[in-house]
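Step one of this worksheet: look at the structure below.
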Amino acid sequence: QVQLVESGGGLVQPGGSLRLSCAGSGIMFRTYIMDWYRQAPGKQREWVAQITSGGSSIYADSVKGRFTASRDNAKNAIYLQMNSLKPEDSANYYCTITDTHYWGQGTQVTVSS
């Protein structure tokens with residue numbers, strides 16, 4: 001059974017940082033492209049970042065230069081380092097294996113003073 005579990009969310013002040021993790025079981029991440037998405041209350045789910053099996057990454061314009069995706073295939077995990085956080089970054093953040101129905105349950109990020 002494939003499971004993705006996000007962690008690392010929380011409450012942070014504007015300008016602060018958080019590092020999200022996504023740990024997988026039941027599947028080996030190393031060969032898969034992975035995505036991060038987010039969804040704020042009342043808004044559509046938004047793509048945030050993608051990381052290839054080789055570690056290359058691309059980002060939504062709204063987070064480019066502030067967020068960095070990485071992966072550790074040995075730990076079967078991916079990460080999202082989020083810096084210079086803004087209130088509009090507040091959302092539930094999800095990881096997914098690209099083009100599959102495998103999603104985590106999400107981790108909540110709240111950016112507020």
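The values are calculated or read from the model by the stated rules, or taken from the named source; none is laboratory data. Since this is a predicted model, take the numbers as computed values, not measurements. Every residue, glycine among them, receives a Cβ derived from its backbone with ideal geometry; neighbour counts consider all protein chains shown. Side chains included, ligands, DNA and RNA excluded: accessible areas come from the protein's heavy atoms. Shrake-Rupley method; radii C 1.70, N 1.55, O 1.52, S 1.80 Å.
Got a number for residues in region 83-109 being in contact (Cβ under 8 Å) with a residue 60 or more places away in the chain, open to solvent by 50 Å² or more (accessible area, probe 1.4 Å) and either within 12 Å of the chain's Cα centre (by Cα) or over 15 Å from PHE29 (Cα atoms) (or both)?
Number satisfying all stated conditions: 7.
The rows are residues; the columns are (1) among the acidic types (Asp, Glu); (2) more than 17 Å from VAL109 (Cβ to Cβ); (3) modelled with pLDDT of 95 or more.
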residue: GLU6; (1), (2), (3): yes, no, yes
residue: GLY16; (1), (2), (3): no, no, yes
residue: ILE27; (1), (2), (3): no, yes, no
residue: VAL48; (1), (2), (3): no, no, yes
residue: SER84; (1), (2), (3): no, no, yes
residue: PRO87; (1), (2), (3): no, no, yes
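Test each condition in (1) assigned to a helix (DSSP H, G or I); (2) modelled with pLDDT of 95 or more for ASP61 and report the one that comes out false.
(1)
Just give me the residues in region 59-89 being among the acidic types (Asp, Glu) and in contact with a Cys (Cβ under 6 Å, 6 or more places away or on another chain), in sequence order. Working first, answer last.
First, the residues of region 59-89 that are among the acidic types (Asp, Glu): 61, 72, 88-89.
The answer is none; no residue qualifies.
Which one is surrounded by the fewest Cβ atoms within 10 Å (Cβ to Cβ) among residues in region 14-60 that are among the charged types (D, E, K, R) and within 12 Å of ILE97 (Cβ to Cβ)? Walk me through how you get there before you give the answer.
We begin by selecting, within region 14-60, every residue among the charged types (D, E, K, R); these are 19, 30, 35, 38, 43, 45-46.
Next, from what is left, pick out any that are within 12 Å of ILE97 (Cβ to Cβ): 30, 35.
On the way: ARG30: 12, ASP35: 22.
Among them, the one singled out is ARG30.
Mind checking whether some residue in region 49-68 is touching a residue at least 12 places away in the same chain (Cβ under 8 Å), at positive phi and touching a Phe, Trp or Tyr at 6+ places or on another chain (Cβ under 7 Å)?
Checking region 49-68: not a single residue is touching a residue at least 12 places away in the same chain (Cβ under 8 Å), at positive phi and touching a Phe, Trp or Tyr at 6+ places or on another chain (Cβ under 7 Å).
In this structure, does ILE78 turn out to be under 16 Å from VAL2 (Cβ atoms), out of contact with any Lys or Arg (no Cβ under 7 Å at 6 or more places or on another chain) and touching a residue at least 40 places away in the same chain (Cβ under 8 Å)?
On the way: under 16 Å from VAL2 (Cβ atoms): yes; out of contact with any Lys or Arg (no Cβ under 7 Å at 6 or more places or on another chain): no; touching a residue at least 40 places away in the same chain (Cβ under 8 Å): yes.
It is false that ILE78 is under 16 Å from VAL2 (Cβ atoms), out of contact with any Lys or Arg (no Cβ under 7 Å at 6 or more places or on another chain) and touching a residue at least 40 places away in the same chain (Cβ under 8 Å).
Hey, among the residues in region 67-82 that are open to solvent by 30 Å² or more (accessible area, probe 1.4 Å) and over 9 Å from the mean Cα position of the chain (by Cα), which one's farthest from TYR93 (Cα to Cα)?
ALA74
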